[in-house]
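Report on the following structure.
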Amino acid sequence: MPNPKELQEAADAIWNVRRLPAVQRHNELEDLLQRAEEWARREYLKVSEKNGDQNATNATGPNSSDVLRNF
């Protein structure tokens, strides 16, 4: 089972990469990174909820509200 903390760190790291000007100039790369970030945040929520983590519904991170709003 994935480690929730690692999933959250991965999502935050992807978000930071997405903010780089070179990435923002390439829509295809931005789209792939966005999907990867969303996947990591969804998996974080699933794993956290299975583990009974009280913070699972309060995902943190720069873009967590977008992911929660979409699911």
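Yes/no per residue for (1) surrounded by 14 or more Cβ atoms within 10 Å (Cβ to Cβ); (2) modelled with pLDDT of 90 or more; (3) within 14 Å of the chain's Cα centre (by Cα):
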site	(1), (2), (3)
M1	no, no, no
Q8	yes, yes, yes
W15	yes, yes, yes
R18	yes, yes, yes
V23	yes, no, no
L29	yes, yes, no
L33	yes, yes, yes
R42	yes, yes, yes
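Whenever a residue of the stretch 5-28 is over 26 Å from S48 (Cα atoms), its partners that are surrounded by 13 or more Cβ atoms within 10 Å (Cβ to Cβ) and not hydrophobic (A, V, I, L, M, F, W, C), lying with C-beta atoms within less than 9 angstrom and at least six residues away or across chains, give the pairs R19/P62; V23/E30; Q24/R18; Q24/E30.
Could you count how many residues in the stretch 44-58 are small (G, A, S) and either at pLDDT below 85 or not in a helix (DSSP H, G or I) (or both)?
2
The values are calculated or read from the model by the stated rules, or taken from the named source; none is laboratory data. From a predicted model like this one, the values you see are computed outputs, not experimental measurements. Positions of Cβ are generated from backbone atoms using ideal geometry, with glycine treated the same way; all protein chains shown enter the neighbour counts.
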